[in-house]
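Chemist: Take this structure first; my questions come after.
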Amino acid sequence: MPTSRRPGPRTASAPAADPKPDPRGPASSFDDDAPPLPDDAVEVARVLGAWGVKGGLKLKAFSSDPQALFSSRRWFVQPGERRRLLPPGARPPAPLPRLLRVVQAREQGDAIVATCQGLDDRDAAEALTGARIFVSRASFPTPGDNEFYWVDLIGLAVRNRAGQALGTVTHLIETGPHCVLCVRPPTDAGAAGTADEVLIPFVDAYVDRVDRDARTIHVDWDADD
């Protein structure tokens, strides 16, 4: 039956141009020789905070199967969506490293714990709280037959057995036993479907096949459902 393996559906846009050099000098040694964010970068986790006293990190993976996170020893870092408020007069923190080189990572309870080169104390790890972690899609493990990463399903067209265009997959919802495709109907007046989002369970009963080459998911689903 079709199943999905979820590294996290988020993808990254190209990073902004590098700012002017900080007159205070280099912020840290992390950025030395750090490559740019890959074009196929996928957000797979977020830093929850420090782990232990020797610079370990505690992370929340965006999947119950975090193999995509474990597949790469290079984690690209982007700032969190929310900035932490600083006390009046406090000096702004140093810029985040662009790349973390992973020494070790493993599951611990509901979280992931990791150690990285250059993170030597708790304060350095704590400064990364809220940071978003990306890895290159090219580094993901090869999925098995009828297994798909969420990021590979997003953006695919959806057609039913009558050949009607139901729309495009915008995101997925994890329900426990299976996930659900969230399909945005076409906007052109002549296409089938309604203006409401279509929710299609990603299971054998409704999904006939996924044609990667044609970027189309074929389903047994009436346009009026």
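The values are calculated or read from the model by the stated rules, or taken from the named source; none is laboratory data. Since this is a predicted model, take the numbers as computed values, not measurements. Because the Cβ atoms are built from the backbone with ideal geometry, glycine has one as well, and the counts that use them run over all protein chains shown.
Chemist: Please report, ordered by residue number, the strands (runs of 3 or more DSSP E) entirely within the stretch 116-225 with at least 3 residues that are under 30 Å from residue 72 (Cα atoms) and aliphatic (A, V, I, L, M). Step through it out loud before you land on a result.
Modeler: Values: elements: 132-136, 147-149, 157-160, 165-174, 179-184, 198-201, 207-211, 216-219.
Where strands (runs of 3 or more DSSP E) fall fully within the stretch 116-225 and carry at least 3 residues being under 30 Å from residue 72 (Cα atoms) and aliphatic (A, V, I, L, M), they are 165-174.
Chemist: Of these, 196, 225, which one is in contact with a strand residue (DSSP E or B) (Cβ under 9 Å, 6 or more places away or on another chain), over 29 Å from residue 136 (Cβ atoms), modelled with pLDDT under 90 and of a type in the set (D, E, K, R)? Outline the logic, then answer.
Modeler: Numbers: 196 fails: in contact with a strand residue (DSSP E or B) (Cβ under 9 Å, 6 or more places away or on another chain).
Result of the check over 196, 225: 225.
Chemist: Using beta carbons and a limit of 7 Å, which pairs, at least six apart or on different chains, have the first residue in the stretch 52-72 and under 15 Å from residue 137 (Cα atoms) and in contact (Cβ under 8 Å) with a residue 24 or more places away in the chain and the second one in a loop (DSSP other than H, G, I, E, B) and small (Gly, Ala, Ser)?
Modeler: Hits for this filter: 62/8; 63/8.
Chemist: State the number of residues belonging to the stretch 212-222 that are at pLDDT 95 or above and among the acidic types (Asp, Glu).
Modeler: 1
Chemist: Can you tell which of 109, 56 is of a type in the set (Gly, Ala, Ser) and at pLDDT 95 or above?
Modeler: Values: 109 fails: at pLDDT 95 or above.
Step by step, each of 109, 56 is checked, and only 56 is of a type in the set (Gly, Ala, Ser) and at pLDDT 95 or above.
Chemist: Could you tell me which of the residues 120, 204 is in the same structural domain as residue 47 (by TED's automatic domain parsing) and out of contact with any strand residue (DSSP E or B) (no Cβ under 6 Å at 6 or more places or on another chain)? Explain how you work it out, then say what you get.
Modeler: On the way: 204 fails: in the same structural domain as residue 47 (by TED's automatic domain parsing).
That would be 120, the only listed residue that is in the same structural domain as residue 47 (by TED's automatic domain parsing) and out of contact with any strand residue (DSSP E or B) (no Cβ under 6 Å at 6 or more places or on another chain).
Chemist: Search the stretch 132-155 for residues that are under 18 Å from residue 46 (Cα atoms) and pair each with any residue that is of a type in the set (Lys, Arg) and part of a strand (DSSP E or B) when their beta-carbon atoms are under 6 Å apart and the residues are at least 6 apart or on different chains.
Modeler: 132/46
Chemist: Continuing with the same structure: Suppose we keep only residues that are part of a loop (DSSP other than H, G, I, E, B) and in contact (Cβ under 8 Å) with a residue 12 or more places away in the chain within the stretch 87-109. Which one would you say is surrounded by the fewest Cβ atoms within 10 Å (Cβ to Cβ)?
Modeler: Of the stretch 87-109, the ones part of a loop (DSSP other than H, G, I, E, B) are 87-98, 109.
Keeping just the survivors that are in contact (Cβ under 8 Å) with a residue 12 or more places away in the chain gives 93-98.
Values: 93: 10, 94: 14, 95: 15, 96: 20, 97: 25, 98: 17.
Checking each candidate, the answer is 93.
Chemist: Name the single residue, out of those in the stretch 129-184 being closer than 13 Å to residue 210 by Cβ and of a type in the set (Gly, Ala, Ser), that is modelled with the highest pLDDT.
Modeler: The selected residue is 157.
Chemist: Give the number of residues within the stretch 69-83 that are more than 18 Å from residue 109 (Cα to Cα) and surrounded by 14 or more Cβ atoms within 10 Å (Cβ to Cβ). Lay out the reasoning, then the answer.
Modeler: Just the residues of the stretch 69-83 that are more than 18 Å from residue 109 (Cα to Cα), to begin with: 71-83.
In the following step, the residues that additionally are surrounded by 14 or more Cβ atoms within 10 Å (Cβ to Cβ) were identified as 71-78, 80.
Total satisfying the criteria: 9.
Chemist: Does residue 166 count as more than 13 Å from the chain's Cα centre (by Cα), under 23 Å from residue 36 (Cβ atoms) and surrounded by 18 or more Cβ atoms within 10 Å (Cβ to Cβ)?
Modeler: Details: more than 13 Å from the chain's Cα centre (by Cα): yes; under 23 Å from residue 36 (Cβ atoms): no; surrounded by 18 or more Cβ atoms within 10 Å (Cβ to Cβ): yes.
No, not satisfied.
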